[in-house]
Amino acid sequence: MIISTRTAIHLLGLLSFPALAQVPQTLVPIDESVAEVFQQIASDERVHSSLQLIEAREPENVREQFRITEIPAPPFQEERRAVYYLEQMRTRGLSDAYIDTEGNAIGIRKGTGNGPTLLIAAHLDTVFPEDVDTTVELRGGRYYAPGIGDDTRGLAVLLSIIEVLNESGIETVGDIIFSGNVGEEGRGDLRGIKAIFRDYPEIDGFISIDGVQLRRITTGATGSRRFEFHFKGPGGHSFGAFGLPSAIHAMGRAIAKISQLETLPFPKTTFTVGTVEGGTSVNSIAADATFAIDMRSNDRGQLAKLEERTKAAALEAVAEEEARWNNGQVTVEFNLIGDRPVGRTPTESSIVQVAALAFDEIGIELQELGISSTDSNVPMSLGIPAITIAGGGNGGGSHSPSEWFVPINSHKGPQVSLLILLTLVGIDELSSPLLEDRDH
């Protein structure tokens, strides 16, 4: 990690600016009872001290973010980062933290035993291959490194919260599960979060910390279905066997048909053929060809219809290729490689109201309630209250080699998250949990 003493001083200078006065948000209607409980939490001296401690320790927390960034963690290769993260969780007070069978680093902070269970998580994996250089470099006032924000920032936020809670003396009513989870990016297919909800059916609510700029609450889940369409034909020499159908030709026909499909702008429904491969050589009639297709929608029904239409287009293409040559068979198989469910958390849900109040309390302008594809897709699809928020600071270039981060007011990220989770699980002898215990 390329950070000098001068860099560290520069870093400290960026961390805190006086907050501008914020106009209270108007996107989320707030129930009086929710506001009352939130103010009990926000006014508590232990909570106030914890918020101050988060800000004071943010320079070191950012340095920890950089250390995690420099450990490569592509999907299905997160083990080294998970082991390091587990050590950091234990060091900060979660002595019983462990790595589960899926590769998630998990630690549980028990409550009094009379409340709900809240999961708060950030994902360990990045989109970058293991051989990509993730060294953090300071250039022009910005810190650059692949994965520095998505989602290493979220991982750092969780560590900040774990540390201050361990020192605060605060005992919660509900249990808090912290996790650095695997498999959020690419073909990871949310496997980490799916495993946690499989193993912990008692979870009553979920907060995902993902990315940097803290300006919206994600309350909707864009669903996706991803397939490999695998075409097979007889194959043969390009000259000697001319007249046989080609797997690549059939694939090309299918892609052309799919490209002409029309979808609804609302609910937004999209598709793209992202990769193609196949064939043996330039002078061979292709026996195999495959393309990968990504289909997304904010509506479960529209996503299902789009899937039917793309598969029908591929079957039509196969029939046309066979009819063109009338000399051999072509087949197509549909192999599912990704399934992210559609879901939504209602605006009137306590978890959304509390998040909006936390934004106001810390001085963050809530700009929108968003819909996207995150780890929250899983609990939302199960009817479990869930939101995704960012981890604070400024940044850009996500999923690119030029990803960057600047820790301006970055301490506000863990501060917002702390207020949300404490209000949801409740503080013993101070406030009742606002998160409903679904078992009762």
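Only the coordinates and a few stated rules stand behind these numbers; no lab work does. This is a predicted model, so every value here is computed, not measured. Counting neighbours? That spans all protein chains shown, and the Cβs are built from the backbone with ideal geometry, glycine included.
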Binned Cα-Cα distance frequencies in the range 158-248 - 5 Å width, integer %: 2, 8, 13, 14, 15, 11, 6, 5, 5, 5, 5, 4, 3, 2, 1, 1, 0
At a Förster distance of 51 Å, what's the computed FRET efficiency of Phe76 paired with Thr26, Cβ-Cβ distance as r, to 0.05? 0.75
Given Asn298, Val182, Val28, which one lies farthest toward the positive end of the charge dipole of the chain, if we put +1 on the Cβ of every Lys and Arg and -1 on the Cβ of every Asp and Glu? Asn298
Taking Cα atoms only, helix 32-43 is inclined relative to the longest principal axis of the chain by an angle, in degrees rounded to 10, of 60 degrees
For the range 221-343, rounded, prolate or oblate, judged on the Cα gyration tensor with a ≥ b ≥ c (square roots of eigenvalues), a/c < 1.5 rounded, else prolate if a/b > b/c? prolate
At 7 Å along the Cα-to-beta-carbon direction for both Glu171 and Glu228, put a label point, then send me their distance in nm to one decimal. 5.4 nm
I need to check one value: relative contact order of the range 223-340, counting alpha carbon pairs closer than 8 Å and at least 6 residues apart, in percent. 45 percent
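Would you mind putting 335-347, 389-401, 25-37, 206-218 in packing order, based on average other-beta-carbon counts within 10 Å, highest first? Intermediate values should be presented prior to the final figure.
Details: 335-347: 17.1, 389-401: 21.2, 25-37: 14.2, 206-218: 24.3.
Order by mean packing, descending: 206-218, 389-401, 335-347, 25-37.
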For Asn283 and Thr331, extending 7 Å from Cα along the Cα-Cβ vector and measuring point to point gives, in nm, a value of 3.0 nm
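Projected area of the chain, taken from the Cα convex hull and averaged over every viewing direction, in nm²? Numbers along the way, then the final one.
Details: hull surface 93.2 nm².
That works out to 23.3 nm², a quarter of the Cα hull's surface.
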Within the range 98-129: backbone nitrogen closer than 15 Å to the Asp199 label point (7 Å, Cα to C-beta): 98-109, 119-122, 124
Specify the inter-centroid distance of the range 104-165 and the range 258-317, based on alpha-carbon positions, in whole Å. 34 Å
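Working out 0.36 nm times the residue gap between Leu264 and Glu429, then minus their Cα-Cα distance, what length gain in nm do you get to one decimal? If you can, show how the numbers build up before the last one.
On the way: separation 165, 0.36 × 165 = 59.40 nm, distance 5.13 nm.
The span from Leu264 to Glu429 would gain 54.3 nm if fully extended.
For Glu365 and Asn114 in one chain, what is 0.36 nm times their gap in residues minus the Cα-Cα distance, to one decimal in nm? Please report the intermediate quantities before stating the final value.
On the way: separation 251, 0.36 × 251 = 90.36 nm, distance 3.43 nm.
Taking 0.36 nm per residue and subtracting the Cα distance, the gain is 86.9 nm.
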Take the alpha carbon atoms of the range 419-440, find their center, do the same for the range 339-375, and report the distance between the two centers in whole angstrom. 18 Å
Mind computing the radius of gyration and Dmax over the alpha-carbon atoms of the range 271-311? Å is fine for both. 14.4, 45
I'd like the FRET efficiency for Asp131 and Glu348, computed as 1/(1 + (r/R0)^6) with the beta carbon distance as r and R0 of 45 Å, rounded to 0.05. 0.40
Quick one: length gained pulling Ala35 to Ser400 fully straight, 0.36 nm per residue minus the C-alpha distance? 127.4 nm
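Efficiency by 1/(1 + (r/R0)^6): what FRET value for Arg57 and Phe242, r their Cβ-Cβ distance, R0 = 60 Å, to the nearest 0.05? Kindly include the intermediate steps, with their values, before the conclusion.
Numbers: r = 71 Å, r/R0 = 1.19.
After rounding to 0.05, the efficiency reads 0.25.
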Arranged from highest to lowest average of other beta-carbon atoms within 10 Å per residue, in what order do the peptides 411-417, 228-234 appear? 411-417, 228-234
Please identify every one of the GluC sites (Glu not before Pro) in the range 345-440 that sits in a loop by DSSP and has no more than 10 other beta carbons within 10 Å of its own beta carbon. Glu429
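Which order do the peptides 61-70, 237-246 come out in when sorted by mean C-beta neighbours inside 10 angstrom, highest first?
Values: 61-70: 21.3, 237-246: 15.1.
Highest-to-lowest ranking by the protection proxy: 61-70, 237-246.
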How much of the DSSP beta bridge set in the chain is antiparallel, as a percent to the nearest 5? 70 percent
Farthest positive-ward along the chain dipole, Cα basis, beta-carbon charges - from Leu261, Val425, Thr117: Leu261
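May I ask you to derive the relative contact order of the chain, considering only C-alpha pairs under 8 Å and at least 6 residues apart, and to give it as an integer percent? It would help to have the intermediate numbers written out before the result.
On the way: 1062 pairs, mean separation 107.1, N = 440.
Once divided by the residue count of the chain, the mean separation gives 24 percent.
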Could you state the angle between the C-alpha long axis of helix 5-14 and the longest principal axis of the C-alpha atoms of the chain, as a value from 0 to 90 degrees rounded to the nearest 10? 80 degrees
Compute the Cα gyration tensor for the range 56-98, then decide on rounded, prolate or oblate, letting a ≥ b ≥ c be the square roots of its eigenvalues: rounded whenever a/c is under 1.5, prolate when a/b is larger than b/c in the other cases, and oblate in all that remain. oblate
